[in-house]
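First the structure, in the form of structure tokens, and then the observations on it.
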Amino acid sequence: MKRLAALFVVVSCFNFVQAEEPAPPQTRLVRPTKLISAEKFDQPSAFGAKGKPGANLWRAGIGEWTIDDGAAYEKSERPTAKRPNGHEAVSEVVTDLGDLVLTGEFRLGESPQVGFVCRDTNQPNHHLGRVVITPTAIWIQEMSGIAKETRREELIRVKADIDPNAWHTITLEVCGDQWIAKVDDITLEAQHERFADRKGRVGMVARKDGAQFRNLAIWAAAKKE
């Protein structure tokens, strides 16, 4: 009887853990194959130790990141001697991926701009590309370099009406040199050879203060046949 009770507890716990994993989203280019990271951002433990990110943990990088009202809340870095102009808030998962899928929710709040980003596997990791969202527009840009050497090329931009006070959804597919970004019911597609490079960091950014993020998930993916 005790064995059966113990088995029931183990199975129940296993089912609970399984229920916590998000379901892969519907996709066009790729098939999600392995869940790399899934974070609700409803607990302070959502972020790994600053400066010492563990594998597949969210790193509270540049700026200040806290948990507020069940979501990650950001404040950009203030001007310092090192960065006289300050810096947008950055939080990333350190990983090593080719094709991937990212899903999540965001709210602009007082922030004028948020983005979902990839960087490559160089040391330090160079910018690779990002989806940028403002209250009036969404665009995909290719990127290279790091710090003062950063270069960007806007590949596609569409007008949008993004309510800063509402929660919105994002699904990003990366397949070889192609990106598809779906924000709510708006879909953008872009292509650039830079996108095919391996991704060493995947994450989110925001300017100024007030953006929130929750229910972020990242999958490794394979191209659909």
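A simple spin-label model places the labels of A147 and E105 3.9 nm from each other, with each point 7 Å out along Cα-to-Cβ. The count of lysine pairs in segment 21-167 that are at least 8 places apart or cross chains, and whose C-alpha atoms lie under 28 Å apart, stands at 14.
Within the accessible surface of the chain, defined with a 1.4 Å probe on protein heavy atoms only, the carbon and sulfur portion equals 50 percent. Here is the list for segment 135-184: chymotrypsin sites (Phe, Trp or Tyr not before Pro) lying in DSSP coil, each with at most 16 other C-beta atoms within 10 angstrom of its C-beta, are W167.
Taking every protein chain into account, the accessible area of segment 128-202 amounts to 48 square angstrom per residue (probe 1.4 Å). What separates the Cα centres of segment 129-145 and segment 153-225 is a distance of 8 Å. For segment 72-130, the alpha carbon convex hull comes to 115 Å³ per residue, rounded to a whole number. Full extension of the chain between K40 and K223 yields a length gain of 63.2 nm, computed as 0.36 nm times the residue separation minus the alpha carbon distance.
For the chain, the longest principal axis of the Cα atoms and the long axis of helix 2-20 meet at an angle of about 20 degrees.
Counting 0.36 nm for each residue step from T66 to T187 and taking away their Cα separation leaves a gain of 40.5 nm. Placing a pseudo-label 7 Å from each Cα along the Cα-to-Cβ vector at A23 and N165 gives an inter-label distance of 3.2 nm. Only helices enter the 222 nm calculation for the chain: every DSSP H run of n ≥ 4 contributes -39,500 (n - 2.57), and dividing by all residues gives -3000 deg cm²/dmol, rounded to 500.
Out of these labelled values of Rg and Dmax of the Cα atoms in Å, (1) 18.2, 68; (2) 28.2, 97; (3) 18.4, 52, which was calculated from the coordinates shown here? Correct label is (1).
When the alpha-carbon atoms of segment 75-169 are used, the pair Rg, Dmax equals 14.4, 38 angstrom.
Taking the average, over residues, of other Cβ atoms within 10 Å as the packing measure, peptides 113-121, 35-43, 76-84, 216-224 rank 113-121, 216-224, 35-43, 76-84 from highest down.
The values are calculated or read from the model by the stated rules, or taken from the named source; none is laboratory data. Everything numeric in this text was worked out from a predicted model, so none of it was measured. Please note: Cβ atoms are built from the backbone with ideal geometry, for glycine as well, and neighbour counts cover all protein chains shown. Protein only, heavy atoms only, side chains kept; ligands, DNA and RNA dropped before computing areas. Shrake-Rupley method; radii C 1.70, N 1.55, O 1.52, S 1.80 Å.
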